[in-house]
Amino acid sequence: MNTEKPWAEGDVGKRIGANLRQFRVSREISVEALAKQIGVSKLTLIKIERGEANPTLSVIWKIANGLNIPITALLSIQSDVSIARKKDGLKLTSSNNVLVAEPLFYSHGLMELYRGYLQPRGEYLSEAHRPGVVEFVTVMSGQLTVEVDVNTYHLEECDSIRFKGDRPHKYANPSSALTILHFVISYNHL
């Protein structure tokens, strides 16, 4: 039986920092070079590597895109058999706390699965992911508006959308109730 001790939520910053350092060093990229490449300050990256900071979802995306890895690679979420329980999930928040994303599963560079919570009347602008990334989003409860390029798409409960994630896109909850989402980020098209 393969059992894996889950990380406590407070350990997320330490886990991301250790993995960031490992990826950066193995690729022989200096902190300065990575900071310049992804548009995050050198001090912020140093604090993240030391486990002294819990980066926002936006900063984690920048790091993952800069290193050309899935976010879950920074989180080390992998096992032969895994169960993603709501009460035990890691929570990555946007800088304005409007979006909470819980990484669920990672499939060796092919895809990532997330559960997401978008606050009532909340909006989250996602930066473009690296070329070839495709997003699949399903509304589990509530409503969602997705803007991609100049088009806006309105989704209701159990509706899904697929789009190329290599351009800025926005998620908005037009309602007064919490919206619960499932995201699949696919790297198959790289």
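No value in this document is a laboratory result; all are computed from the given coordinates. Here the structure is a predicted model, which means the values were calculated and not measured. All Cβ positions, even for glycine, are placed from backbone atoms using ideal geometry, and neighbour counts span all protein chains on display.
Computed values, structure above
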| item | result |
| --- | --- |
| Fully extended contour minus Cα-Cα distance, from ALA33 to ARG50, at 0.36 nm per residue | 4.4 nm |
| Alpha-carbon radius of gyration plus Dmax, which is the widest Cα pair, for the chain in Å | 16.4, 50 |
| DSSP loop GluC sites (Glu not before Pro) with at most 12 other Cβ within 10 Å excluded, longest remaining stretch of the chain | 53-155 |
| Gaussian network model of the chain, springs between alpha carbon atoms under 10 Å - residue of HIS169, HIS129, HIS154 with greatest fluctuation | HIS154 |
| Extreme residue, positive dipole direction of the chain, given options PHE136, LEU92, VAL146 (C-beta unit charges) | LEU92 |
| Point-charge dipole on Cβ atoms (K/R +1, D/E -1) for the chain, about Cα centre, debye to 20 | 540 |
| Environment charge of ARG167, counting only residues whose C-beta is closer than 13 Å and scoring Lys/Arg +1, Asp/Glu -1 | -2 |
| Straight-distance crosslink candidates among aspartates and glutamates, where the alpha carbon sits under 14 Å from LYS14 and sequence neighbours closer than 8 are dropped | GLU49, GLU52 |
| C-alpha long axis of helix 57-67 to longest principal axis of the chain, angle in ° | 60 |
| Helical mean residue ellipticity (222 nm; -39500 (n - 2.57) per DSSP H run of 4+; nearest 500) of the chain | -7000 deg cm²/dmol |
